[in-house]
Structures are given as structure tokens and as C-alpha cells.
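Below you'll find the structure, written out as C-alpha cells, and then a few comments.
FYI, it's all coordinate maths here, none of it is from the lab. Note that the structure is a prediction, hence the values are computed from the model and not measured. Glycine also receives a Cβ, built like all others from the backbone with ideal geometry; neighbour counts cover every protein chain displayed.
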Amino acid sequence: MQYKSTLLLAAALAAPVLCTAQAAPEVAMVAAAKQSGPVAVGGAVTVQGKVKSIDKTHRTVVVVGPKGREVLIRAGAEVRNFDQVAEGDLVTLTYAKALLVELVKAKSSDILEREVQPAVARAEPGSKPGMAVEETVRIHAKVIAVDRKAQTVTLKGAQNTVKLQLSKPELLKGIKAGDHVNAVYKEAAVVQVTAQ
């Protein structure tokens, strides 16, 4: 799936910046402004890279990040307007940090699990390449830490441990380290290509 390639681009370009955000390969994107429900902005990070080289036959692009790190990106057939990408183009990634939107105590006997629902928006035909992806992640997890002052909670799920910003402070009511919970959180990112 192309959004996974885009997410790997996001992780690779922003790795020095996002190392505290959480496991970036599972990140997804659709502009934070398009999130529905009682969601506040969880903070965003923007990183730029430059297109170093393009292989149009194999639909790959090498992008150099701000620290000189090179990343090979494979653009599947579903990526619109690939032929418009040129050497020297800037690739801008905006990553919205994970934001917790639902948290409910659960039975500790429940199996740790994870369900991901991605949503993808692509560039319009004829416009510069770009993509927005958002993932809504539903997990059954164990609470590792609660920081009421910073309004964050750290959850250990079936695949990884995530530190989440709260959309509403009341989500932590009655929640403490050691509890098992069902949680829903959203992550979003937008990738845009701009000519230099």
C-alpha cells in the first residue's frame, strides 16, 4: 500500500525529530484540520527534504533529509502525477503527533490487540504530487504511565508502546498505571512536493 511507503518516508526524513513521538512506521496522515469528533491538535512537526534523483521506469525517488540522510521511496501506480516530480523539488512532511480521543477501562483478561483504519487523500490529477493519510488506531493496552500535568498517557499495546497527548483532560479520570484500557487515537501527516 502506498501510504505505508509515504509513512516510511515520513519516518526516515524525520527520524531525528520524531524519535520521541512514537513508532512512526505505523503513522498515517490526513490533515489534522480534517479530523472529526472532539479532537484538539496534538502538536505537529514539519520536515523538508530535497529530491536528489528519480528513476521514472521503476517509479523510485531518492530524497535527502535535513541531516543529509538519503531515503529511497517507491511510488506505486496509485501515486498521481509522479511524472511531475523533478530533481531539486522540495518534499515537505507535516506529521501531527498522536492524539488520544477515547480511553475506557477494560478487563485485564482481554487480549492485547490493535486495529488500524487508514484514510488516504491524493493529489488532484494535474497538480503537484502530494498525499495526506490519517490512521485511526483502536487498541486494547496496559497503562504504563499517566502524566496529568502534561496531559499524556503511555500505553503498551500488542505491537508497541505509545505516548499519547489527550484531546480532553477528563479522559484520565479514574485511570492509573497498571490499568487495562480500550483506547482510540489518531495520527496524521501530509506530504507535499513543491518546485524549488
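Calculated FRET efficiency, Ala150 and Leu72, Cβ-Cβ r, R0 45 Å, to nearest 0.05? Mind dumping the intermediate values first?
Values: r = 37 Å, r/R0 = 0.82.
E(calc), rounded to 0.05, equals 0.75.
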How many nm separate the modelled label positions at Ala158 and Thr46, each set 7 Å beyond the Cα in the direction of the Cβ? 3.7 nm
Describe numerically, in nm with one decimal, the distance between label points set 7 Å from Cα along Cα→Cβ at Asp83 and at Thr194. 2.6 nm
Got a sec? Which residues in the range 153-172 would a label at His180 touch, if it sits 7 Å along Cα→Cβ and we count backbone N under 19 Å? 154-162
Reachable lysines, given that their alpha-carbon falls under 25 Å from the alpha-carbon of Lys50 and they are not under 8 places away in the same chain: Lys4, Lys67, Lys97, Lys128
Using the number of other C-beta atoms within 10 angstrom as an exposure proxy, rank Ser127, Ser167 with the fewest first. Ser127, Ser167
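Rounded to the nearest 0.05, what FRET efficiency is calculated for Ala121 and Arg59 with R0 set to 25 Å and r the Cβ-Cβ distance?
Working: r = 20 Å, r/R0 = 0.80.
Taking R0 as 25 Å, the efficiency between Ala121 and Arg59 is 0.80.
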Debye sum, Cα scatterers, the range 120-187, no solvent: what log₁₀ I/I(0) at q = 0.18, 0.25 1/Å? -0.68, -1.10
Give me, ordered by chain and number, the residues 5 or more places off Glu102 or on other chains with an amide H under 5 Å from its own placed amide H. Val184
Order the peptides 72-81, 131-140 from the highest to the lowest mean number of other Cβ atoms within 10 Å of their residues. 131-140, 72-81
Rounded to whole Hz and in sequence order, give me ³J(HN,Hα) for the range 56-65 from the Karplus expression 6.51 cos²θ - 1.76 cosθ + 1.60, θ = phi - 60°, writing x for Gly and Pro. 5, 5, 9, 6, 10, 9, 9, 10, 9, x
Relative contact order of the range 102-160, pairs being alpha-carbon contacts under 8 Å that are 6 or more residues apart, as %: 32 percent
